[in-house]
1. For every helix of n ≥ 4 consecutive DSSP H residues, a contribution of -39,500 (n - 2.57) applies; sum these over the chain, divide by its total residues, and give [θ] at 222 nm rounded to the nearest 500 deg cm²/dmol.
2. Quick one: dipole size for the chain, taken about the Cα centre, charges +1 on Lys/Arg Cβ and -1 on Asp/Glu Cβ, in debye to the nearest 20.
3. Quick one: length gained pulling residue 91 to residue 2 fully straight, 0.36 nm per residue minus the C-alpha distance?
4. Between 120, 29, 130, which gets the highest mean-square fluctuation from a Gaussian network model of the chain, Cα cutoff 10 Å?
5. If we restrict to alpha carbons, what Rg and Dmax does region 1-136 come to, in Å?
6. Excluding residue 65 itself, calculate the net charge of residues whose Cβ lies under 11 Å from the Cβ of residue 65, where each Lys or Arg counts +1 and each Asp or Glu counts -1.
7. Measuring from label point to label point, each 7 Å out along Cα→Cβ, what is the residue 60 to residue 219 span in nm?
8. Mind checking the full-extension length gain between residue 147 and residue 162? Use 0.36 nm per residue of separation minus the Cα-Cα distance, one decimal, nm.
Amino acid sequence: MVKRIAMWSGPRNISTAMMRSFEARGDTFVSDEPMYGHFLKTTEINHPMKDEVIQSMETDREILRSYLTSYNPPDYSIWYQKQMTQHILDDDNLYWTLDMENAFLIRNPRDVILSYLKKFDIEDESLIGFLQLERIFDFIKENSNKDLVVVDAEDILSTPSATLNALCEALNIKYTDDMLTWEKGCRTTDGIWGAHWYDSVVNTTQFIRTPKNKGKIPKKYQEVYGRSMDIYQKLSSHSIKIK
């Protein structure tokens, strides 16, 4: 039976690099944002390549839930699902997540917001995913007897080997140094939106720390930043510790 890992994170994180890292193991099947098409079709939000994305993937959430929790990819022992919290809608039932090994990839909201604003205005607070992150985290905490697994992007970038080792231990899978590097370029496992969004990651071969953004959070986003920071700190208190 395959181990299904749902790694939940918001946008402007290191989520694609993490998907690269797990795929490099060799024993791991990966899925790139499987709920994205459903999110775009339902919300009608105007993202780049919207129509192409919707046409390229399943958009029925009932079919998606069944697939994500029951399919067993042949020849793989692990299934890593790069799940974006902003793709979970207010009326989404979360009980299907209990059939997964859920983990949470967090990042300081200051870095998330400043990075996001380089691409879009934050027209809706839900687009940066912290509200949904808390909802999913609280649901898993209240309804699952499994240990909570939280990892901070900053820890991965600072000490990738030690942090990934601790993450694998928390997920009850074997760590391998193969997770530290990967081949440059696109993947057939990338969503078609990678042509627009993955210009940086396709040129990487390992986790890379980028220079800190020295900008300030605009005044109109200070309340969003404050709420997001509260959620970040709440999850951060559960983040895995390096031994």
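Throughout, read-outs are computed from the coordinates displayed, never taken from laboratory work. Model, not experiment: these values are computed from the prediction. Backbone-built Cβ (ideal geometry, glycine too); neighbour counts: all protein chains shown.
1. Working: 10 runs with 93 residues, N = 243.
Result for the chain, helices only: -11000 deg cm²/dmol.
2. It works out to roughly 960 debye.
3. 29.2 nm
4. Among 120, 29, 130, the largest mean-square fluctuation in the Gaussian network model of the chain belongs to 120.
5. In Å, with Rg to one decimal and Dmax whole: 14.7, 43.
6. -4
7. A separation of 5.1 nm, rounded to one decimal place.
8. Separation in residues times 0.36 nm, less the Cα-Cα distance, equals 3.4 nm.
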